[in-house]
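Structure record follows, encoded as C-alpha cells.
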There are 2 protein chains.
Amino acid sequence: MEVDGTLLTILGITAGVLILTGWVEQIYKGYKTKRLNDVSKFLMIFIAAGSILWLIYGIVVSDVFIIGTNLAGLTLMIIVSTMKKRYDNLSKIKQS
Amino acid sequence: MEVDGTLLTILGITAGVLILTGWVEQIYKGYKTKRLNDVSKFLMIFIAAGSILWLIYGIVVSDVFIIGTNLAGLTLMIIVSTMKKRYDNLSKIKQS
C-alpha cells in the first residue's frame, strides 16, 4: 500500500490530541466533583511509565510529535495523580 | 543517531503493554468496588476514538504491533465503559 506521509501525520496528531483531550476532561471532572476515588492509582502510574518509554522512543527516532504528545501525557498524569492524592486525603479526613 | 530497530521494538511493545496493564488494573478496581463514577465517560470515548485512529495508522503502515495494541486498547475501553454504565445505573437505583 502506497503510504501517504501527510495522512499518517494527520492521523497520529489527531489521535494524540484526542487521547490528551480525554485526560483533560477527566481532570476537569475531578476538579468539579473533588473526587477521583474510583480512578485507579496504578492506571496513572502505568500510563506515566508507558509515556516515559514512548518519550525515549520519540527521542531515539527524533520525532517531535511523539515527544510532544508524551510530554503532555506525562504532565497530565502528574496532575491527575496529584489531584487524586489530595482529594483521597480530603475524603479520608471528612470520614474520620 | 544510529537507530537500533530492536531497541525501538522493545520500547514500543513495553510501553504498549504498560499502558494496557494500567487499564486492566482500572477494570479490576472497578469490578472490586462496583464503582466507576469518578472515571470520566468522555475519557473513555476520546481514548477509544484515539485508538481507532492509531488502528487505521497501524493498518496503513502494516504495523502488527500498533494494530494489536490499539485493538486491545479499544477492547478495554469498551469493557470499562460498559462496566461504568452498569455501575452508574446501579448506584442511581440504590439512591432512588
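Any read-out appearing in this document is the output of simple, stated calculations on the displayed coordinates, not a laboratory observation. All figures in this text were calculated on a predicted structure; none of them were measured in a lab. Cβ placement follows ideal geometry from the backbone for every residue including glycine, while neighbour counts extend to all protein chains displayed.
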| message | I'd like the orientation of helix A:64-95 relative to chain A: the angle between its Cα long axis and the longest Cα principal axis, in ° from 0 to 90, rounded to 10. | response | 10 degrees
| Counting only Cα, what are the radius of gyration and maximum Cα-Cα distance Dmax of the protein assembly as shown, in Å? | 17.6, 63
| said: Along the charge dipole of the protein assembly as shown, pointing to its positive end and built from +1/-1 on Cβ of Lys, Arg, Asp and Glu, which listed residue (A:L18, A:A72, A:T82) has its Cα farthest out? | reply: A:T82
| segment B:36-96: C-alpha pair distances exceeding 18 Å, % | 44 percent
| said: Quick check for me: using +1 on Lys/Arg Cβ and -1 on Asp/Glu Cβ, what's the dipole size of the protein assembly as shown about its Cα centre, in debye to the nearest 20? | reply: 1900 debye
| message | How big is the dipole moment of chain A about its Cα centre under a simple scheme where the beta carbon of each Lys and Arg is +1, that of each Asp and Glu is -1, and everything else is neutral? Debye, nearest 20, please. | response | 1000 debye
| note | For the rotation taking chain B to chain A, the chain B residue with the nearest C-beta to the axis, plus the distance in whole Å, reads B:D38, 2
| remark: So the angle from the long Cα axis of helix A:5-33 to the longest Cα principal axis of chain A, reported in degrees to the nearest 10, equals 10 degrees
| said: How tilted is helix B:41-60 with respect to the longest principal axis of chain B? Cα atoms for both, answer in degrees (0 to 90, nearest 10). | reply: 30 degrees
